[in-house]
Amino acid sequence: MDNIFFNISDLKSCGKNVLIGKTVRIRYPELVEIGDNVIIDDFTYISTALKIHDNVHISSGCKIIGGKSAFVEMKSFSTLAPNVVLSAGSDDYTSGIATPMVPLEFKANAVIGKIILNKHCIVGASSVVLPNITFEEGACVGALSLVNKNLEEYTLYGGVSAKELKKRNKNEIINLEMKLYESK
């Protein structure tokens, strides 16, 4: 029987000042790397290879899924608001058998990919990000959005499907990051 509970020592790596909620579940902890100053809030479920850089927050109720062959990377200062779904793997549903309980060759058009959130990216509450998506540095998406295409740097998106809403202030964000490191 596979156990979704895990021990911190089973993680591929874990940095300093990391807080993981008691109800967080990680199916494949040996595929998860966590940097410094990271918080993963309660009721989060992770079932894919995941690399979390420094200064990242994953809010409660998030799902980071895709299976052992998929990959998600969250670079420094990226954030997931509550109930976000990052789905780095997905079934097509038009052919094959759509269940994680059968080998990939029976799934026909399964998409196994990756999701990359570069520095300063934010995914708003209850949004869904589909496989093979890259958020360029500073890209963010508002609540209740569906991300099915790559997002440009320092741009705010929203909606189903996510559309550009406005540009973010790149210089301000970079300057604040520099001040943060200077204050340490």
Query raised in the report: Exactly one of (1) outside any strand (DSSP E or B); (2) surrounded by 23 or more Cβ atoms within 10 Å (Cβ to Cβ) is unmet by Ile97. Its number?
Result: (2)
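Residues checked against (1) at pLDDT 95 or above; (2) more than 16 Å from Asn118 (Cβ to Cβ); (3) touching a helix residue (DSSP H, G or I) at 6+ places or on another chain (Cβ under 6 Å); (4) buried (at least 19 other Cβ atoms within 10 Å of the Cβ):
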| position | (1), (2), (3), (4) |
| --- | --- |
| Ser13 | yes, yes, no, no |
| Asn17 | yes, yes, no, no |
| Ile20 | yes, yes, no, yes |
| Val24 | yes, yes, no, yes |
| Phe43 | yes, yes, no, no |
| Ser60 | yes, yes, no, no |
| Ser69 | no, yes, no, no |
| Val72 | yes, no, no, yes |
| Ala81 | yes, yes, no, yes |
**Report entry** Output for segment 105-116, where each listed residue is closer than 27 Å to Leu80 by Cβ and among the hydrophobic types (A, V, I, L, M, F, W, C)
**Finding:** Ala110, Val111, Ile112, Ile115, Ile116
Report summary line: Filtering segment 137-153 down to residues that are of a type in the set (D, E, K, R) and buried (at least 17 other Cβ atoms within 10 Å of the Cβ) yields Glu137
Requested in this report: Give the number of residues within segment 120-136 that are under 13 Å from Arg168 (Cβ atoms) and either small (Gly, Ala, Ser) or surrounded by fewer than 21 Cβ atoms within 10 Å (Cβ to Cβ) (or both).
Outcome: 1
**Report entry** Subset tally (residues that are among the hydroxyl-bearing types (Ser, Thr, Tyr) and farther than 19 Å from Asn132 by Cβ) for segment 156-184
**Finding:** 2
Report task. Report whether or not Ile65 is at pLDDT 95 or above and out of contact with any Ser or Thr (no Cβ under 7 Å at 6 or more places or on another chain). Result -> no
Report task. Need at least 2 residues that are among the hydrophobic types (A, V, I, L, M, F, W, C) per element, so show me which strands (runs of 3 or more DSSP E) inside segment 114-177 make the cut, counting only ones lying wholly within it. Result -> 114-117, 133-135
Requested in this report: Test Asp54 against the stated conditions and say whether it is of a type in the set (Asp, Glu), closer than 16 Å to Lys75 by Cβ and in contact (Cβ under 8 Å) with a residue 12 or more places away in the chain.
Outcome: yes
**Report entry** Residue count, segment 68-84 (criterion: of a type in the set (S, T, N, Q) and either in contact with a Ser or Thr (Cβ under 7 Å, 6 or more places away or on another chain) or closer than 17 Å to Arg27 by Cα (or both))
**Finding:** 2
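The values are calculated or read from the model by the stated rules, or taken from the named source; none is laboratory data. Predicted model only: the values in this text are computed from it and were never measured. Neighbour counts run over all protein chains shown; Cβ positions are idealised from the backbone, glycine included.
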